[in-house]
1. For the range 218-270, which residues satisfy the criterion of being in contact with a helix residue (DSSP H, G or I) (Cβ under 6 Å, 6 or more places away or on another chain) and assigned to a helix (DSSP H, G or I)?
2. Tell me which residues, restricted to the range 315-366, are surrounded by fewer than 13 Cβ atoms within 10 Å (Cβ to Cβ) and not in a loop (DSSP other than H, G, I, E, B).
3. Restricting to the range 124-142, name every residue that is within 36 Å of the chain's Cα centre (by Cα) and without any contact (Cβ under 8 Å) to a residue 60 or more places away in the chain.
4. Within 30 Å of the chain's Cα centre (by Cα), at pLDDT 95 or above and outside the structural domain of residue 153 (by TED's automatic domain parsing): is that true of residue 231 in this structure?
C-alpha cells in the first residue's frame, strides 16, 4: 500500500472502489473471451463428430458437455457482474454517507468553538461593567453633578477606553436617563442624549444591587455612531457600594463587529482550505436573527450582516433550538442540500449569551 495514513480520504476510498470495479470487469471480459473460444471449439468438435458418424458420437457428447459448461460459466459471470455493481454502488453510498457525517461533525465542532469564544469574551464585558460602576469619579459625577465632576468622570472613562480597545465608548447617565459624561466625546456626541427608553438603561434601573447587570443585544444606536454594538449596563450606587441607593447608570458600548464578524470570518477561513464547496459561518441570537456572518467570497462580507435584519430559515432554527450541539445532513428536509453544523451557547462561568453558532456547507451537484 503506497498511500500514507494521512492521505486516506473519502476520495481515495472512492478511487480504490472504482479501481476494483474496473479490474473485476476486465477479468470478467477475459473469462467471457475464453468462453467464446471454448464455445467455438465445442461447435467445431460437434461438426467433426457428426462427420465421423457412429465413431464420433462420443465426441459429440463431450462437445455438448463443454457447451453446457460454457453456458454455466456465462451465467456465473453475469451474476458476478451484477453483484459487483450492486456491492460497489452500496460501498460508494456508505463512503459518501460516512464522509458527509464526518464533515458534519467537523462543522459542528467549529460552531461550538465559535459560540464558546463569544461567551468567554462577553463574560468579561459583564464583569467590566459591574467593576467600573464603582469608580469614584463616576459616583461623584452623579452625587455632585457639575462641569468639573463631569469632566473628571469623562477623563477617567477615556483612560479606561485607552486600555480596553474592544469598546466604542462608555457613558454615564443620571437617574432620568440623560448622558452626563462619556469617554470619547471627540468621536461620539453622547452627552445630553436621552437613554431612558433603552433596554440597557431600564434593566440597570431595575437591578436589585450592584452585582446585577443589564444588557441590550446587537443594534445600531446613536451611542455607537450607527455601528453594530452591544451595551452592558449596571446601576451606579451611592458611595460606590453594591447595596447603595441608585444615583445613575453606567453603559459600556461594545464593538460587536470586532468580535462577531471576526469569529465568523476566522471560522470560514479555517474551514475553506478543507473543501471546495461554498461555506457560510454565522452567529444568531436567541430569536434566530443573524447577528454576524461570513461567506467564502470575502471575510469582510460579515459586516453587512451585523444589522441583524436577516433571520435563520425557520426549519433550521427549529432544529437548532432542540439540541445543544449537532448537525443536519444534506438529505434532511430542514437543511435542503446543505451540511449544517450548529451549537448553542452553553455559557461560561456566570454568563450565557443564549445565542447560536452555525456553519453551513453547500453540497455541489456533480
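The values are calculated or read from the model by the stated rules, or taken from the named source; none is laboratory data. The structure displayed is predicted, hence computed values, not measured ones. Note: ideal-geometry Cβ built from the backbone for every residue, glycine included; neighbour counts use all protein chains shown.
1. Across the range 218-270, the qualifying residues are 240, 257, 259, 261, 263, 264, 265, 267.
2. Within the range 315-366, 318 is the sole residue that qualifies.
3. Selection gives 124, 127, 131.
4. no
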